[in-house]
Every structure is written in C-alpha cells, then in structure tokens.
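Visitor: Next up is a structure, given as structure tokens.
The values are calculated or read from the model by the stated rules, or taken from the named source; none is laboratory data. In this text the structure is predicted, and so the values were computed from the model without any measurement. No Cβ is skipped: glycine too gets one built from the backbone with ideal geometry, and neighbour counts run over all protein chains shown. Protein only, heavy atoms only, side chains kept; ligands, DNA and RNA dropped before computing areas. Shrake-Rupley method; radii C 1.70, N 1.55, O 1.52, S 1.80 Å.
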Amino acid sequence: MSTLLMKHQVTDFDAWFAGFNSHEGVRTSHGATSHRVFRDGNTVVVSVDFPDAASVAAFRADPALAEAMKKAGVISVPEVDIVTEVDARSY
C-alpha cells in the first residue's frame, strides 16, 4: 500500500471539506481505498491510501485534482509526500 500525504492551507475549512468530500469519486476511480483528514485551524493534512505508487501518481497527474483544490479554497502550495506502509498496528 502507498499513501499520499498532503499538507496545505485553506481559506475556510468547512468549504474545503465539502469540496474534498465531493471529490471522492475521482479518488476512488484511481484506486483510493481510504483517507484520513487532520486539521489545525485552516491547516489541513490529508492521507489517502492507494494500492500502489502508480495509482498515487495517476491521481496526482489528474487535472481534476488541481481544479478541485483551487475550487475548494486551497491557498498554499501543497507539501506532498508518497510513503509506503511497512508496518501497522492498532492499540
């Protein structure tokens, strides 16, 4: 599994979150299986799980992503990392 991690600033969290939720179909069309959203005020961190790095790359290259982010009020250049899970445990 590969995870896309994105951190960015938004103008209004509620508006951004509505836009994020409306974009779910695009994420799942690229193979996304789950996500987590974190926030600190208007700083948002999102993790989206994909089956592999190629799926993440295809999602990132989709022009719909940049359009959705702009429409949802992202106001900073996103910090992006792609990581591969090596261990997971629940406590």
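Visitor: Could you run through the stretch 58-74 and say how many residues are open to solvent by 50 Å² or more (accessible area, probe 1.4 Å) and over 13 Å from Met6 (Cα atoms)? Please lay out each step first, then the result.
Guide: Here is the first cut: in the stretch 58-74, the ones open to solvent by 50 Å² or more (accessible area, probe 1.4 Å) are 60-61, 63, 66-67, 70-71.
In the following step, the residues that additionally are over 13 Å from Met6 (Cα atoms) were identified as 61, 63, 67, 70-71.
Number of matching residues: 5.
Visitor: Among Val44, Val86, which is among the aliphatic types (A, V, I, L, M) and at pLDDT 95 or above?
Guide: Criteria check complete, one pass: Val44.
Visitor: Out of Ser47, Ser55, Ser90, I need the residue that is assigned to a strand (DSSP E or B) and on the phi < 0 side of the Ramachandran plot. Which one?
Guide: Ser47
Visitor: To continue, here is another question. What number of residues within the stretch 75-91 are open to solvent by 90 Å² or more (accessible area, probe 1.4 Å), over 16 Å from Pro51 (Cα atoms) and not charged (D, E, K, R)?
Guide: Number of matching residues: 4.
Visitor: Against the conditions (1) open to solvent by less than 40 Å² (accessible area, probe 1.4 Å); (2) free of Cβ contacts under 8 Å to residues at least 24 places away in the same chain, where does Ser55 fall short? Just the number, please.
Guide: (2)
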